Amino acid sequence: MKTINQETITQEVKRLCQEANYVLPQDVYQALKEAYETEDSLLSKQTLEVLHKNAQIARETCSPICQDTGMACVFVEIGQDVHIEGSLNEAIHEGVRQGYEIGYLRKSVVDDPVFDRINTKDNTPAIINYDIVEGDQLKIIVAPKGFGSENMSQIKMLKPSDGVEGIKEFVLKVINDAGPNACPPMVIGVGIGGSFDKVTLLAKKAMLREIGSHHPDKRYSDLENELLNRINHTGIGPAGYGGKTTALSLNIETYPTHIAGMPVAVSICCHVARHKEVIL
């Protein structure tokens, strides 16, 4: 059995919070570059060039890529043979607290969602999702999530009779509803199946998948390609200026579901699709 100390986890989460906000993942960075090379619209091409340059400056100067440094969404895979010396929850929250303070990152979390809405002043609490897996490793992904795009995400409890066409119709509706408000080009995750709560997590995990990866089932990988192509023909384009680069990627994650249901969730991220991970 492997033992991991609470302080070790705190220090890693602190580092991940800063790096995620300063350094755009290489797959997203490369996708922006490729979109610039293939974009036809002059204004959209200039916009993509600015976005690419912004990411480069952020990386070189250790500055936030975006002023919205996000709510810390943390995904944890903990091996069943791992023992945490201390509190795993507190280690993660403390890492977020320190990372946002030391990294001069904007604190964007309020303590009450409706009435008081007083800033917690340290960007905690984080949103933590746990998966227990086999083995003796602890994997932590920190994905700061800005809410311009988060507010554009949607869920719908489709019926089985809606079929694949119902899924297509809903996904395209969500993207058209989002328009320029999601700061395109977008990175899109689609969850299908499970339950009301499970499908949103599927969508968020799909959003974090590497750009260019595909669902192992060819039927779903074909659906990923079709939806991405149709989204890039909406004419929304980078920052809503038109062109053919409305989304950089669309990934689908699926899960078995009830005979009477077909839940679908669409999780939208802007071009600043930030996430960093560590395995301990």
(request) Test residue 244 against the criterion of being outside the structural domain of residue 107 (by TED's automatic domain parsing), of a type outside the set (Asp, Glu), more than 30 Å from residue 279 (Cβ to Cβ) and modelled with pLDDT under 95, and give yes or no. (result) yes
(request) Would you mention how many residues in segment 85-105 are crowded, with 19+ Cβ neighbours inside 10 Å and touching a strand residue (DSSP E or B) at 6+ places or on another chain (Cβ under 9 Å)? (result) 9
(message) So residue 204 passes all but one of these: (1) surrounded by fewer than 20 Cβ atoms within 10 Å (Cβ to Cβ); (2) among the charged types (D, E, K, R); (3) under 13 Å from the mean Cα position of the chain (by Cα). Which condition number does it fail?
(response) (1)
(request) Output the qualifying pairs, or none if there are none: Cβ atoms under 8 angstrom, residues six or more apart or on different chains, first residue in segment 215-237 and under 18 Å from residue 170 (Cβ atoms) and assigned by TED's automatic domain parsing to the domain that holds residue 264, second residue of a type in the set (S, T, N, Q) and surrounded by fewer than 16 Cβ atoms within 10 Å (Cβ to Cβ). (result) 215/221; 234/176; 236/176
(request) Within segment 112-132, track down each residue that is surrounded by 13 or more Cβ atoms within 10 Å (Cβ to Cβ) and in contact with a Gly (Cβ under 9 Å, 6 or more places away or on another chain). (result) 123, 126
(message) So residue 109 ticks every box in (1) more than 26 Å from residue 201 (Cβ to Cβ); (2) surrounded by 13 or more Cβ atoms within 10 Å (Cβ to Cβ) but one. Which box is left unticked?
(response) (1)
(message) Checking the condition out of contact with any Phe, Trp or Tyr (no Cβ under 9 Å at 6 or more places or on another chain), closer than 27 Å to residue 102 by Cβ, β-branched (Val, Ile, Thr) and at pLDDT 95 or above, which residue from 61, 10 passes?
(response) 10
(request) Please determine, by comparing only the residues of segment 252-280 that are of a type in the set (Gly, Ala, Ser) and within 9 Å of the chain's Cα centre (by Cα), which one is farthest from residue 210 (Cα to Cα). (result) 267
(request) Select from segment 75-123 the residues that are among the hydrophobic types (A, V, I, L, M, F, W, C), over 16 Å from residue 145 (Cβ atoms) and in a loop (DSSP other than H, G, I, E, B) and list them in ascending order. (result) 114, 115, 118
(message) Just to be sure I understand the filter: pairs with C-beta atoms under 8 Å, separated by 6 or more residues or on different chains, first member in segment 158-176 and on the phi < 0 side of the Ramachandran plot, second member in a helix (DSSP H, G or I) and among the aromatic types (Phe, Trp, Tyr). Which pairs pass?
(response) 158/170
(request) Hey, could you check segment 124-183 for residues that are outside any helix (DSSP H, G or I) and out of contact with any strand residue (DSSP E or B) (no Cβ under 7 Å at 6 or more places or on another chain) and say which is nearest to residue 266 (Cα to Cα)? (result) 151
(request) Please enumerate the residues belonging to segment 11-36 that are farther than 17 Å from residue 63 by Cβ and polar (S, T, N, Q). (result) 11, 26, 30
(message) For the condition touching a strand residue (DSSP E or B) at 6+ places or on another chain (Cβ under 7 Å), under 26 Å from residue 79 (Cα atoms) and polar (S, T, N, Q), what is the one hit in 254, 246?
(response) 254
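The values are calculated or read from the model by the stated rules, or taken from the named source; none is laboratory data. Bear in mind that the values here come from a model prediction, so they are computed numbers and not experimental data. Cβ atoms come from the backbone with ideal geometry, glycine included; neighbour counts cover every protein chain shown.
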